[in-house]
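One structure is given here, and the rest of the page talks about it.
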Amino acid sequence: MTTIVCPAWLLIAFGLVAALPATLGLWVALAPGSDNVHGPRYVLWKAGLLSFNADVVYQAMVADHDREALVLGLSVGELQERFDHLRARAGATADYQQQFSDRLYLDHDILWLGDSPWLVILKNGRAAELLVMKG
């Protein structure tokens, strides 16, 4: 009986050809809808498959129609876990401090998502509103 030996380059080529449709299928499954303007890193982060990257997440949130679902109802600890870094009112950048007068949201606890313009308004220790502060 003869044994057929498959060359290594043939196995590699087959693997590459098989990986393309699998990757495209995963992308379609994770990013449904024709209006998706986000890159794969953001979609994979939302699905919990990729670690947080501030350069990707905060920019992509602008065009995400479902961005409130990422934040609303979460506790401070859950926000910290999802967004890695939070900034309280006292730790806000000078630009953001300047945008706030003493009366704006004075009666609310607020947090910024990292150094981004995304502001979270807390009620009873949970995220109740998400705003983007434009300069």
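Since every read-out is calculated from the coordinates, none of them should be taken as a lab result. Bear in mind that the values here come from a model prediction, so they are computed numbers and not experimental data. For neighbour counting, all protein chains shown are included, and Cβ atoms are generated from backbone atoms with ideal geometry for every residue, glycine included.
Brief remarks on what is shown
- In sequence order, segment 122-133 has phi-based couplings of 9, 9, 6, x, 10, 5, 10, 8, 10, 10, 10, 8 Hz under the Karplus curve 6.51 cos²θ - 1.76 cosθ + 1.60, θ = phi - 60°, and Gly or Pro positions carry x.
- Residue-wise HN-Hα coupling along segment 76-92, computed from phi with Karplus coefficients 6.51, -1.76, 1.60 (Hz; x: Gly, Pro): 4, x, 5, 4, 4, 5, 6, 10, 6, 9, 10, 10, 7, 3, 5, x, 5
- Efficiency of FRET between residue 86 and residue 23 - r from beta-carbon atoms, R0 25 angstrom, step 0.05: 0.15
- Sequence-distant residues sharing a close amide H with residue 118 (under 5 Å, placed H): 113, 133
- Which of 133, 61 has the fewest Cβ neighbours within 10 Å, and the rest in rising order: 133, 61
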